[in-house]
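Structure record follows, encoded as structure tokens.
The values are calculated or read from the model by the stated rules, or taken from the named source; none is laboratory data. What you are looking at is a predicted structure, and each value in this text was computed from that prediction instead of being measured. Positions of Cβ are generated from backbone atoms using ideal geometry, with glycine treated the same way; all protein chains shown enter the neighbour counts. These area figures cover heavy atoms from the full protein model, side chains too; ligands, DNA and RNA do not enter into them. Shrake-Rupley method; radii C 1.70, N 1.55, O 1.52, S 1.80 Å.
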Protein chains: 2
Amino acid sequence: MGAEIGVGRVDEFTGQLWKIWKRLRDEGIHQRLHLGLFRSDYLLHSPEKGGPVSLKQVEFNTISSSFGALSENVSKLHRYLALSTEYFNSSPFLTLKNLPRNDTIAGLADGLAAAHEAYDSPSAWILFVVQAGERNVFDQRWLEYELLEQHSIRVVRQTFDELATSAEVVPGSRILRVKLPGLLPRGAESVEISTVYFRAGYTPRDYPTLAQYRTRYVLESSVAIKCPTIQLQLAGGKKVQEVLTQGDTLSRFGQGLDLDALRSSWMGMWGLDKDGDYGVRRAREQADKLVLKPQREGGGNNVYKGDIPGFLDTLPAGEREAWIAMELIEPPDTGNYLVRAGSGTEGAVKTEVVSELGVFGYALFGPRRPIEEQEVGWLLRTKGKDSNEGGVAVGFSVLDSLVLVD
Amino acid sequence: MGAEIGVGRVDEFTGQLWKIWKRLRDEGIHQRLHLGLFRSDYLLHSPEKGGPVSLKQVEFNTISSSFGALSENVSKLHRYLALSTEYFNSSPFLTLKNLPRNDTIAGLADGLAAAHEAYDSPSAWILFVVQAGERNVFDQRWLEYELLEQHSIRVVRQTFDELATSAEVVPGSRILRVKLPGLLPRGAESVEISTVYFRAGYTPRDYPTLAQYRTRYVLESSVAIKCPTIQLQLAGGKKVQEVLTQGDTLSRFGQGLDLDALRSSWMGMWGLDKDGDYGVRRAREQADKLVLKPQREGGGNNVYKGDIPGFLDTLPAGEREAWIAMELIEPPDTGNYLVRAGSGTEGAVKTEVVSELGVFGYALFGPRRPIEEQEVGWLLRTKGKDSNEGGVAVGFSVLDSLVLVD
């Protein structure tokens, strides 16, 4: 993925993060623990109509995994409607017992609290690094309230630009402090940060100038536990996802796990730079069953099926290494209603849909200690089958709930 | 209190309720259980500046006792602010430990659920009788959600006018049913009602015509448990409060209680019709320490101090029996800020205030069974000292929280 060779050479954003990581590594890492609040996303795969159905992984998110709190609230909405209306007897499956509980908020907060506890300074606060004018704030505040009310941990929300002046790493101890003048009891000027939770920094748009990368470096260079560290963020890249599918790579990391079961949840993937022209040639041949994905977050950049050959015609050979080809998951046909707020009866549109399941979990890990990890909840996003991208906040899809049936 | 003699002769509203009660009694009572969700209101009394302080009862509410749910949420707000800001160290008393929990919502719902259970028909619903265009709905919905989520009991909200056509008492069984065509699963047309919870019907404004009294009669004549029955509503009248203070009346009801402790929480009271002209004469003499209260709910009808002699000059002798005189409670001097929503910094006004404590409880009682009763929570309303009336929703006072200090 490096900045001089690999993905980072082609993708400016990955390259910048890689450079920060190298600098941190060269200067010496001061906090060896990593916290990840992860979300692993899956689609149902059914290549033959009416044939067997399996779960296939779309991607694995290692930074800013979102919609956990909103998903829990949508689950509560659907459970409330089951309890209060029995869904007007419209389906024997729509019963309270078939609608599983979703306690993602408590679970994700447990993860942040585990890091806070490992840091071992009870009066420290947790820092949420957020985007300016964040629209997803209602997904984030629940975690803040849960931390306060269930764990007595305070949270401060700041943007990279605010942190450029408010954050400092104390020389020597490398403690991260954030200045909050006039806002603290007993005349204190700043608070110690136990854990940095990034809900920003996952997209190049969060780094319009080098100043934001500099602030990221400052945060990373402290003894605060990062969720995630810059290297854990990089490990969530699509290139890493692809490399893990190659040959025997997985067995280097998955000791003691059922690797075949894990591999069976993956679609075929390869880099476009694989074996000279082979990667591109194969992508042309199988274009109708493929999606090409660049090393970039946020949706809207993928190239699908019929668009692939034309795209490959214009892709400079030097940029191939930034792209992976992935076999398309083929979800079974399902009909459902998509409901849009504030549109009355016309807001409910019946359509063919695809539902994407996200499974949340956290892991706190580092050298010479057992991994603290927990699966904590889930997200279901349902979108019209014609929409190729998965982001909820951009309006393509709706939040949904699981119905479990035997 | 009767309709022909007593309060009901002078006060049309009390008279109508009394007539319904007499009719029910004559026809035979079909449900002997009463449910009360009560609120007993108190002020601090400190007649000598700097002297001892005691709690004195203002009134005892037996119908539509409100602001329980909102008060719980205000307590949560104040506890949240203590947790998140420590109130900027502004007072050593403002700590989380001094801000008691307030679980009124669960407690009031427990009361309604106790009646539902005593009725013993699990699939029955609870009926909330509400005012049209109710502005206090956000105080009521919490109880509905709590009943649904914690007790799996459904609630239907209807006004007297809706119930005029939707409610029916099944001949023979006297079961109360409410029609909800098209809104029920499995093609059902109506639901059985276990408990009627009146959040309307406490003021003459809820009975603009005789039709609403007729509907009240229909509900009362069923086997559903009423919260409250019409007779329990009448027992909450100010005249009853006054009569209980006279001579040895209390000992007829308070076996086994510490009656002196109870009496010590009462101010002196008498009827204006007491002993010929004595009641009025005494009210003139002590006017500066008195409030005159009519038998009417809702605030705005009381006559205070200097206004009393002029008022007595115009009060027809025949209407004296509808009024009681009560010694004014004299709260100690206290300063506080009243905060008005949406007014920014100017919304906080420092002023002399009086705080009124309401204590919520429920009781389910009837012949030949032990009383099921529970104290469940509290309400604190704080108002500017110049405002004589106590209603929150009319804008005179603000919701507040208790701070307990040794």
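Points to keep in mind about this one:
- Karplus 3J(HN,Hα) series, Hz, for the range A:325-338 with 6.51 cos²θ - 1.76 cosθ + 1.60 (x for Gly, Pro): 9, 9, 4, 6, 6, 10, x, x, 5, 9, x, 6, 9, 9
- Sorted largest first by accessible area at a 1.4 angstrom probe radius, with every protein chain in place, the residues A:Leu357, A:Leu112 fall in the order A:Leu357, A:Leu112.
- For B:Lys49, the lysines whose Cα comes closer than 19 Å to its Cα, not counting residues fewer than 8 places off in the same chain, are B:Lys289, B:Lys385.
- Calculated accessible area for the range A:138-261 comes out at 44 Å² per residue, all protein chains present (probe 1.4 Å; ligands, DNA, RNA ignored).
- Cβ-vector label at 7 Å, B:Val403, separations to other copies in nm: 5.3
- Put simply, when B:16-25, B:89-98 are sorted by average Cβ atoms within 10 angstrom per residue, most first, you get B:16-25, B:89-98.
- Ellipsoid semi-axes in whole angstrom, largest first, where each is sqrt(5λ) of the Cα gyration tensor of the protein assembly as shown: 65, 34, 20
- Along the range A:347-360 the Karplus relation, 6.51 cos²θ - 1.76 cosθ + 1.60 evaluated at θ = phi - 60°, assigns HN-Hα couplings of x, 9, 10, 7, 7, 6, 10, 10, 10, 10, 9, x, 10, 8 Hz to successive residues, with x for each Gly and Pro.
- Accessible-area composition of chain B, carbon plus sulfur, in percent [1.4 Å probe]: 52 percent
- Beyond 32 Å in Cα-Cα separation lie the following of the pairs B:Lys19/B:Lys274; B:Lys97/B:Lys350; B:Lys274/B:Lys350; B:Lys22/B:Lys274; B:Lys19/B:Lys305: B:Lys274/B:Lys350; B:Lys19/B:Lys305.
- Note on chain B: GNM, Cα springs under 10 Å; of B:Asn102, B:Asn61, B:Asn301, the largest mean-square fluctuation is that of B:Asn301.
- Summed over both chains, the area buried between A and B is near 1600 Å², taken from the accessible surface of protein heavy atoms with a 1.4 Å probe.
- With semi-axes defined as the square roots of five times the eigenvalues of the C-alpha gyration tensor, the equivalent ellipsoid of chain B measures 35, 30, 19 Å, largest first.
- Computed over chain B with a Gaussian network model linking Cα atoms closer than 10 Å, the most mobile of B:Leu219, B:Leu180, B:Leu108 is B:Leu180.
- Label-to-label distances for A:Tyr304 across copies, nearest first, come out at 7.0 nm, using points 7 Å from Cα in the beta-carbon direction.
- With every protein chain in place and a 1.4 angstrom probe, the accessible-area ranking of A:Val354, B:Val339, largest first, reads B:Val339, A:Val354.
- Residue-span extension gain [A:Thr95 to A:Arg25] - 0.36 nm each, minus C-alpha spacing: 19.9 nm
- The range B:78-100 versus the range A:255-330: alpha-carbon centroid distance in Å: 56 Å
- The value for the range A:218-322 of Rg(Cα) / (2.2 N^0.38 Å) is 1.28.
- Between the beta carbons of A:His151 and A:Val218, assuming R0 = 30 Å, the FRET efficiency works out to 0.70 to the nearest 0.05.
- The range B:115-201 - Rg over Rh from alpha carbon coordinates, Kirkwood radius: 0.95
- Shielded residues, the range A:185-199 - accessible-area loss of 20 Å² or more between chain alone and all protein chains, probe 1.4 Å: A:Pro185, A:Arg186
- Across the range A:3-61, Cα-Cα pairs more than 15 Å apart make up 70 percent of the total.
- Its relative contact order, with pairs defined as Cα atoms under 8 Å and 6+ residues apart, puts chain B at 23 percent.
- Counted over the range A:71-191, the DSSP beta bridges are approximately 55% antiparallel.
- Remark: spin-label model distance A:Glu330-A:Arg284 equals 2.4 nm, labels positioned 7 Å along the Cα→Cβ axis.
- Beta bridges per DSSP with both ends in the protein assembly as shown, % antiparallel, nearest 5: 80 percent
- Max mean-square fluctuation residue, GNM over chain B, Cα-Cα springs under 10 Å, options B:Pro309, B:Pro331, B:Pro367: B:Pro367
- Additional length obtainable on full extension of the chain from B:Ser123 to B:Phe138, 0.36 nm per residue less Cα span: 2.8 nm
- Each other copy places its own label point for A:Tyr337 at 4.7 nm from this one, sorted shortest first, where the point lies 7 Å along the Cα-to-beta carbon line.
- Cα-Cα separations in the range A:1-108 greater than 18 Å, expressed as whole percent: 73 percent
- Under 5 Å from the amide H of A:Leu290 lie the amide H atoms of A:Lys305, A:Leu328, each residue being 5 or more positions distant or on a separate chain, with H modelled from the backbone and absent for Pro and chain starts.
- When the Cα convex hull of the range A:54-177 is projected onto planes of every orientation, the mean area is 11.4 nm².
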